[in-house]
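One structure is given here, and the rest of the page talks about it.
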Amino acid sequence: MSTNKTFIPSQFREKYSGLLGADFPEFLRYCTVKMPKSIWVNSLKIRPAILAQRLQKKGWALQPLFHENAFALEEVTRPGQGKEFWEGLFNLQEKSSMLPAIILSPQKNDLVLDAAAAPGNKTLQLSCIMEGRGKIVAADKNTQRFKSLVFNIKKFGMHNVVAQRQDLLTAKKHGIFDKVLLDAPCSSEGVVRKDLDALANWNQALVLEKSALQKKLFEKCLQLLKKNGEMVYSTCSLSPEEN
């Protein structure tokens with residue numbers, strides 16, 4: 001992909017040039033390299049090995065990744081247009097986005113909170129890892145994003161998931177969940193490899209605004225976590241202020 005098509009604001013360049021020094025040119029180059037495609041197989045509906053064989057017979061080049069449900073796609077155009085995708089047998093998801101749920105590793109009988117769940121990509125992972133057992137509360141306060149979450153819960157057959165449209169900052173209870181995944185709202189700097197215009201509205205004020213929100217959500221999720229529970233915090237931002 002041509003490196004001059006990705007929009008990189010001058011303030012962004014200045015910030016990361018100062019942070020990275022001699023490593024900045026390589027960092028900037030990777031910002032303009034298209035993110036490789038990968039999929040998460042919905043093992044609630046089909047065994048990963050069976051779907052992999054089925055897709056390979058269609059000519060798809062699949063490479064196993066770090067989890068039995070995860071595969072890299074090579075030279076596959078428009079993977080979201082096939083019937084397997086619309087049947088909910090797999091989800092398109094970047095490799096880095098798969099890591100938080102895998103690291104959280106919920107057990108089959110856990111009560112889990114997906115704290116900023118929409119559109120439900122990581123919710124599906126959690127449900128698969130739990131083999132459709134236990135219970136997942138998938139929360140999001142954004143009305144439009146919540147609609148996509150509800151749609152995906154139904155599409156992928158996540159029967160152990162309860163969707164709640166709510167602002168977690170108003171939650172009053174304490175010590176409820178065995179595990180919490182907080183993939184926090186952020187400035188989305190890391191999305192630049194997927195969306196050429198992801199940084200069009202980026203500025204340092206946005207980073208600080210998101211950082212303040214993230215800290216509030218982090219503290220609230222700790223309150224919601226049981227004693228000796230476990231939380232994974234993640235963002236798709238690169239800013240130290242957000243991580």
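Within the range 195-202, can one find any residue that is part of a strand (DSSP E or B) and out of contact with any Cys (no Cβ under 6 Å at 6 or more places or on another chain)?
no
Given (1) assigned to a loop (DSSP other than H, G, I, E, B); (2) closer than 18 Å to H159 by Cβ; (3) more than 13 Å from the chain's Cα centre (by Cα), identify the lone condition not met by A117.
(3)
So in the range 194-226, with the set limited to residues that are open to solvent by 80 Å² or more (accessible area, probe 1.4 Å) and modelled with pLDDT under 95, which one is nearest to L168 (Cα to Cα)?
Among those that are open to solvent by 80 Å² or more (accessible area, probe 1.4 Å) and modelled with pLDDT under 95, it is N201.
Name every residue in the range 160-175 that is assigned to a loop (DSSP other than H, G, I, E, B) and without any contact (Cβ under 8 Å) to a residue 40 or more places away in the chain, in order of residue number. Walk me through how you get there before you give the answer.
Of all residues in the range 160-175, those assigned to a loop (DSSP other than H, G, I, E, B) come to 160, 165-167, 171-175.
Answer for the range 160-175, where residues must be assigned to a loop (DSSP other than H, G, I, E, B) and without any contact (Cβ under 8 Å) to a residue 40 or more places away in the chain: N160, R165, Q166, D167, K172.
Of all residues in the range 134-162, which are exposed (fewer than 14 other Cβ atoms within 10 Å of the Cβ) and either in contact with an Asp or Glu (Cβ under 9 Å, 6 or more places away or on another chain) or closer than 27 Å to A212 by Cβ (or both)?
Answer for the range 134-162, where residues must be exposed (fewer than 14 other Cβ atoms within 10 Å of the Cβ) and either in contact with an Asp or Glu (Cβ under 9 Å, 6 or more places away or on another chain) or closer than 27 Å to A212 by Cβ (or both): T143, Q144.
How many residues, within the range 91-113, are part of a strand (DSSP E or B) and under 24 Å from K37 (Cβ atoms)?
First, the residues of the range 91-113 that are part of a strand (DSSP E or B): 91-92, 111-113.
Then keep just the ones that are under 24 Å from K37 (Cβ atoms); that gives 91-92.
Selection size over the range 91-113: 2.
Every residue in the range 92-121 that is open to solvent by 30 Å² or more (accessible area, probe 1.4 Å) and in contact with a strand residue (DSSP E or B) (Cβ under 7 Å, 6 or more places away or on another chain), please.
Correct list: L92, E94, K95, I103, L111, N121.
Within the range 135-160, track down each residue that is touching a Leu at 6+ places or on another chain (Cβ under 8 Å) and under 21 Å from A70 (Cβ atoms).
Listed by number, the residues that qualify are I136, A138, N152, F156, G157, M158.
Would you confirm whether or not the range 163-175 contains a residue that is in contact with a Lys or Arg (Cβ under 9 Å, 6 or more places away or on another chain), within 27 Å of V41 (Cβ to Cβ) and surrounded by 21 or more Cβ atoms within 10 Å (Cβ to Cβ)?
Checked against the condition, which is being in contact with a Lys or Arg (Cβ under 9 Å, 6 or more places away or on another chain), within 27 Å of V41 (Cβ to Cβ) and surrounded by 21 or more Cβ atoms within 10 Å (Cβ to Cβ), the range 163-175 yields no hits at all.
Does L126 meet the test of being surrounded by fewer than 21 Cβ atoms within 10 Å (Cβ to Cβ), among the hydrophobic types (A, V, I, L, M, F, W, C), outside any loop (DSSP other than H, G, I, E, B) and touching a residue at least 24 places away in the same chain (Cβ under 8 Å)?
Against the criterion (surrounded by fewer than 21 Cβ atoms within 10 Å (Cβ to Cβ), among the hydrophobic types (A, V, I, L, M, F, W, C), outside any loop (DSSP other than H, G, I, E, B) and touching a residue at least 24 places away in the same chain (Cβ under 8 Å)), L126 does not qualify.
Looking at the range 123-146, which of the residues that are modelled with pLDDT of 95 or more and among the basic types (K, R) is farthest from S234 (Cα to Cα)?
This residue is R133.
Can you tell me which residue in the range 176-193 is surrounded by the fewest Cβ atoms within 10 Å (Cβ to Cβ), limited to those that are without any contact (Cβ under 8 Å) to a residue 60 or more places away in the chain and small (G, A, S)?
Step by step, filter the range 176-193, then rank; the result is S188.
The values are calculated or read from the model by the stated rules, or taken from the named source; none is laboratory data. All of these numbers come straight from a predicted model, not from anything done at the bench. Every residue, glycine among them, receives a Cβ derived from its backbone with ideal geometry; neighbour counts consider all protein chains shown. These area figures cover heavy atoms from the full protein model, side chains too; ligands, DNA and RNA do not enter into them. Shrake-Rupley method; radii C 1.70, N 1.55, O 1.52, S 1.80 Å.
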